[in-house]
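Notes follow the structure.
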Amino acid sequence: MVLHTVQAGSSEKCDCLVMVEPAERTEWIYRGENSQLFATRTDTLIREILARYGMPKVRLAVEDFGALTFVICARIEVALERALEGKMPDGIKA
C-alpha cells in the first residue's frame with residue numbers, strides 16, 4: 001500500500017522524473033517533448049512494470065527529458081520501491 005508521494009530521477013537532460021502517489025485506482029501519465037513519438041513504447045513499459053508490482057493503486061507520472069528506455073524503467077522501479085516502503089509483492093526483489 002502506498003502511503004505517501006515519492007519521486008525518482010531528475011529533470012536533467014537524458015533523464016526522467018517519476019512521481020508516484022496514492023490513488024483510488026491505478027493510473028499513469030507520460031509527458032515529454034517527444035511523448036507522442038514514444039508514447040506507445042512507454043505505455044507498454046509502464047504496464048509491464050506495474051503488473052510485476054501487482055498493479056498497486058497509484059497515480060504514476062513520468063516526465064521524460066530524453067531518457068533511454070532502461071533509465072525510464074529504473075526510475076519507475078525505484079519510485080515504486082520507495083512508495084511501497086520495501087513491502088514488495090511476492091516474486092519482486094528490491
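A short reminder: the numbers here are calculations on the coordinates, not readings from a lab. Keep in mind that what you see is a predicted model, and the values were worked out from it rather than measured. Here the Cβ positions follow ideal geometry from the backbone for every residue, glycine too, while neighbour counts run over all protein chains shown.
So here's what we get for this one:
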item	result
Spin-label model distance (nm) - Arg25 vs Lys13, 7 Å beyond Cα toward Cβ	4.0 nm
Under the Karplus curve 6.51 cos²θ - 1.76 cosθ + 1.60, θ = phi - 60°, whole-Hz ³J(HN,Hα) for segment 72-80, x wherever Gly or Pro sits	4, 4, 4, 5, 5, 4, 5, 4, 5
Rounded tilt (10° steps) of 35-52 against the dominant C-alpha axis of the chain	20 degrees
Overall form of segment 1-45 per C-alpha gyration tensor (a/c, 1.5; a/b vs b/c)	oblate
Computed FRET value (nearest 0.05) for Glu48 with Leu3, which takes r as the C-beta separation and R₀ as 25 Å	0.55
